[in-house]
Structures are given as structure tokens and as C-alpha cells.
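Everything below concerns the one structure shown next.
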Amino acid sequence: MNLPRRYFLGSSLFLLGSTLLDALTIPLWRWKRSLVLVPTAATPSTSPVQFVDVAREAGLNVPNVWGDANHKRYIIEAKGSGIAFFDYDNDGWLDIYVTNGTRLSEKWPEGKAPTSQLFKNNRDGTFTNVTEKSGLARTGWQTGVCVGDYDNDGWDDLFCCFWGHNILFHNNGDGTFTDITRKAGVYDEQVRWGAGCTFLDYDRDGYLDLFVCNYIKLDPTQTPGPGDPPVCQWKGIPVMCGPRGLPGDTNVLFHNNGDGTFTNVSEKAGILKPGPRYSITAVSYDFDN
């Protein structure tokens, strides 16, 4: 069955609450042809599909840091980060962007802090780390990322979700990216847990809008750790608090103004009901064009 790209542009939304879903993102609106769904032939039970870990051989061996290695006190340290496959340099080969975390009490030496990473596809099964050149290196609790050409210049841009402040990176088309979060109107003064995001053209005006899922409101200075009063327990065992007992946050919908800026239309869109949403995907479930 052939599915034209327009089905993925005028889309509806599914919100996934409290799920550990880190999607591998390939932007369907960048496809040059219709998506073809091919039925898979039955395979004998004696020949299962096998995957082999080739990360080290491929050059993808950068450590991923997410909280203390041995003792995690808060729910943010028990989660993880995401990645995106996208062709950032338009050479026809998918590159890889890997998000990263940090530690709450760590004072990193100069140049030693973990950062997000961009790996360029060498077209031979290996990748080269081009993070420093790209301008994408950031240290923080980066929980998710989505890909989209929000300004229709032919180069895929990145929106990165953080526990803290999210970042919109514009692809300059020369292998580098620029943080235009404030200029584009998508900066949030609040410290929020941006857990997931997606680009979609919800009003079918030809410009990709942006939906951001926010998880829960977390303040470690006000949230007890395991064993601290008041105690959070599971089956009588002291555990880190959350998501139950912590207030859910609200989602955000940004309308693309078509001039490189966005407007927050969350209230008008009716999406402000609080709740712990962790991820999102866009689909056209009724094929209503």
C-alpha cells in the first residue's frame, strides 16, 4: 500500500503517558517518494532475526551519562535519553544525533562534562564524531529530540528536550547549527521536564508546527530521596519519589508563523490539561486528508 507524504503532514496526535519510549526519529516529510508498506514473509522459527552490537566498530562508543553510576536518588536519574537518525548534511546517508545526561551534584572539570553528540555517516559502516564542529554540544538532562525542517530551507533542524530549558537548533546548511530558541519564540522561562516532541503541520499551511510533551514538575530541593521523610515506598521498600505523587505538567503547541518564529497556541488548541506525558507521535488515523 502506498501512503502519500501528505498523510503524515496533516496529522492527529497520540500522547503516551508515563512510558519509557525513546523513538528513533526519521522525518517522513523529507522522503522523496511515497512510503511503501511491504508485507513480510513468514520466517522459520529456526531462523530468527538477529542483531549484533557493532557500536564500537562503527565509532559510536561515547559514554552515556545519566545520574550517579551507583546511587540514584531522584526520578530524573532513573530515566534515559534518546537519539535521532537524520541526514543533517543532505548527502543521502543517515547520520546519528545522540543525546546525553549529567549528574546532579557533579562539578565537571573543564572539557570533561558529558554532552550530546553528532556522528557523521562515513558511508562505509562507520561514523565520525563532528560534535565540536557542529555547535550541538550541550551539557544537561537532555531527554529527547525531534527532527524537522521548520523553515522549509531544505535542511533538517533539531528541537532538543531537556529537564531545564529546551533548545531549537537551526541547521545552517554548512555542517553547523545555531541555537535560535529565543529568536524563534520557543524559549520557556520555567524549568520544565520536556520529555518528547514532534514536528507536524497541524493546520496544513505548509509549515511544520511543534508539539512538546512535558512530564512532571520536579524540584530535587523539595522532593525527598529514598528513605528521606516523608518516605516514598513501593511494597514497603523506600524508593525515589514519582511519578505518582508529583504534579503532572502541561503540554505546549507552537504554531509556525512562516517567518522563522512560533506562537504558543496551547490554550486555544485545548491541550493544557496537566498530566505526565512522556512521548508523542503524530498520525492521520482517519485519513481525512
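For the pair residue 94 and residue 222, what calculated FRET efficiency results from E = 1/(1 + (r/R0)^6), where r is the Cβ-Cβ distance and R0 = 45 Å, to the nearest 0.05? Walk me through the numbers before you get to the answer.
Working: r = 42 Å, r/R0 = 0.93.
Between residue 222 and residue 94 the formula returns 0.60.
In whole Hz and in residue order, list the ³J(HN,Hα) couplings for the stretch 202-215 that follow from phi through the Karplus curve 6.51 cos²θ - 1.76 cosθ + 1.60, θ = phi - 60°; x for Gly and Pro.
Result, rounded to whole Hz: 6, 10, 6, 9, x, 10, 6, 8, 9, 10, 10, 8, 10, 8.
Applying the Karplus parametrisation 6.51 cos²θ - 1.76 cosθ + 1.60 with θ = phi - 60° to the phi angles of the stretch 52-59, what ³J(HN,Hα) value in whole Hz is obtained for each residue in order, glycine and proline being reported as x?
10, 6, 10, 4, 5, 5, 7, x
Answer rounded, prolate or oblate for the stretch 71-153, using the Cα gyration tensor with square roots of eigenvalues a ≥ b ≥ c: rounded when a/c is under 1.5, else prolate when a/b is larger than b/c, else oblate.
Here the stretch 71-153 falls in the prolate category.
Loop-only check: which chymotrypsin sites (Phe, Trp or Tyr not before Pro) in the stretch 94-193 are DSSP coil with at most 15 other Cβ within 10 angstrom?
Counting only loop positions with at most 15 other Cβ atoms within 10 Å, the chymotrypsin sites (Phe, Trp or Tyr not before Pro) in the stretch 94-193 are 187.
Need the full-extension length gain, residue 57 to residue 234, defined as separation in residues times 0.36 nm minus the C-alpha distance. One decimal, nm.
The span from residue 57 to residue 234 would gain 59.6 nm if fully extended.
Grab the Cα-Cα distance for residue 137 and residue 64, subtract it from 0.36 nm times how many residues apart they are, and report the gain in nm with one decimal.
24.9 nm
Please sort by residue number the trypsin sites (Lys or Arg not before Pro) in the stretch 205-273 whose DSSP state is loop and whose Cβ has at most 16 other Cβ atoms within 10 Å.
Working: sites: 217, 235, 244, 268; in loops: 217, 235, 244.
Answer in residue order: 235, 244.
In percent, how large is the relative contact order of the stretch 192-236, given Cα pairs closer than 8 Å and 6 or more residues apart?
33 percent
Test of understanding: ordering 73, 204 by Cβ neighbours within 10 Å, fewest first, what list do you get? Mind dumping the intermediate values first?
Working: 73 20, 204 11.
By the 10 Å Cβ count, ascending, the order reads 204, 73.
Trypsin sites (Lys or Arg not before Pro), restricted to the stretch 106-166: which are DSSP loop and have at most 16 other Cβ atoms within 10 Å?
107, 112, 123
Every number here is computed from the coordinates shown, using simple stated rules; none is lab data. The structure presented is a predicted model; accordingly, all values stated were derived computationally and were not measured. Note: ideal-geometry Cβ built from the backbone for every residue, glycine included; neighbour counts use all protein chains shown.
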